[in-house]
Amino acid sequence: MAKRGMRFGIFLAPFHRVGDNPSLALSRDIEMIERLDQLGYDEAWIGEHHSAGWEIIAAPELIIAAAAERTKHIKLGSGVTSLPYHHPFLVAQRWVQLDHMTRGRAMLGCGPGALVSDAYMMGIEASTQRRRMEESLDAIMALLRCEEPVTIKTDWFELREARLHLAPYSDPCFDIAIASTLTPAAPMLAGKHGVGMLSLGAGMPGGPQAIAGQWRIAEENAALHGKTMNRRDWRMVMNVHVAEDDATALRDVRVGERAETVGYFQDVLGRPPGRSEDPLSDGVKAGTTLVGSPDTVAEGIAHLVANSDGGFGGFMFRAHDWADREATWRSYELFARYVMPRFQGSLDTLQASFEWAKSNRSTIFGPNVAAIRKAYVDAGRDVPEGFDARLTGAAALDPVKAG
């Protein structure tokens, strides 16, 4: 891992319940990304969906372009671009342009398309989506190498001596990641091209126990294609909410989580196979949903690291509207203040300095007592009663406190 340690961010589908003003919801999404940038989050991945009422962003690149103008540091990616819905030449062109416009902060997340209703409206058979995704990514990767003209013909797109107008701004290319659940298809494709993974399966039943196997599949397939996988490019995606204590955190999200589970995953999607009747309670118990105090959430991430059998590079909140605006923003702030530093190495030197000062208090700070006593004497003033006792502990470190 890099010295700075784990990266953190959000996976913004988004999930806005039907009845919420969509114009305000989109503005709030961009405002939230701006706030996360200020809090030191590293990444935001924005989804693409076209039906079912809840996930209302149709063009993640538009959100990325708008958010890039309001932020300074956070990297912005599609979470994900549904490759079967687009000609691969245009996907490559758009992301190269975003790479330039953001000065290297753009990322391309790829998937086959999550909602069958989207594909249905475009006349795309669900059985062809994964095959189309692989064909598209093959073409995109060839184009991004900017080596030779690319000629490919499939039953749904064609490239004739195609080459990109612009080369990527990033050297050699911007980040690319494949969305993965629990099947082997995504790890195999990530390995084929040596790109990253967004492991949404980490938040599914049995997910934490399966992630190490997913990475092994990617590494094995990478070796077959002469590629290598980098754990730094592996990101986990889970539901998270942080409050001052576990009870408050659960109380914050209970109503909103039920609205999403019943109103979307049950009434619209028909409760996908394996989804619990009470995913919040069951997920918290199983460690696939992290809701609680900073300590509780940090323990959940540490458990996930252990299950990964070697670590991963990033942890992403699955952004949702489970809690109200104030509690949601408070959650992101608490996470940034008290959870992120534990996995980024930024507390190590501070803790070491604290322990050193505490253990050497009598030998290093002891002479301070005599110096302050002398200052009273030199000024012709009486040494206050209880002077030595007042200069023990923390007071010995701070002459102002000694008063």
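The values are calculated or read from the model by the stated rules, or taken from the named source; none is laboratory data. All values derive from a computational prediction rather than experimental measurement. So basically every Cβ, Gly included, is an ideal-geometry build from the backbone, and we count neighbours across all protein chains shown.
Summary table
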{"read-out": "Output for the range 301-333, where each listed residue is of a type in the set (G, A, S) and assigned to a strand (DSSP E or B)", "value": "G314"}
{"read-out": "Candidate set from the range 1-50 (those that are hydroxyl-bearing (S, T, Y) and surrounded by fewer than 16 Cβ atoms within 10 Å (Cβ to Cβ)); member that is nearest to I301 (Cα to Cα)", "value": "S27"}
{"read-out": "Pairs, first at pLDDT 95 or above in the range 322-344, second polar (S, T, N, Q), C-beta under 7 Å, six or more apart", "value": "A323/S331"}
{"read-out": "Scope the range 65-85; condition in a loop (DSSP other than H, G, I, E, B) and of a type outside the set (V, I, T); matching residues", "value": "K72, H73, G79"}
{"read-out": "Positions within the range 47-64 being touching a helix residue (DSSP H, G or I) at 6+ places or on another chain (Cβ under 9 Å) and part of a helix (DSSP H, G or I), in sequence order", "value": "E61, I63, I64"}
{"read-out": "Selection within the range 280-300 - among the β-branched types (V, I, T), in contact (Cβ under 8 Å) with a residue 60 or more places away in the chain and either assigned to a helix (DSSP H, G or I) or outside the structural domain of V237 (by TED's automatic domain parsing) (or both)", "value": "none"}
{"read-out": "Qualifying strands (runs of 3 or more DSSP E) (wholly inside the range 104-165; at least 2 residues being loosely packed, with under 15 Cβ neighbours inside 10 Å and in the same structural domain as I74 (by TED's automatic domain parsing))", "value": "150-153, 158-162"}
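A quick yes/no check of all residues on (1) within 22 Å of M107 (Cβ to Cβ); (2) assigned to a helix (DSSP H, G or I):
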| site | (1), (2) |
| --- | --- |
| E219 | yes, yes |
| G226 | no, no |
| M229 | yes, no |
| R235 | yes, no |
| H241 | no, no |
| T248 | no, yes |
| V253 | no, yes |
| T261 | no, yes |
| Y264 | no, yes |
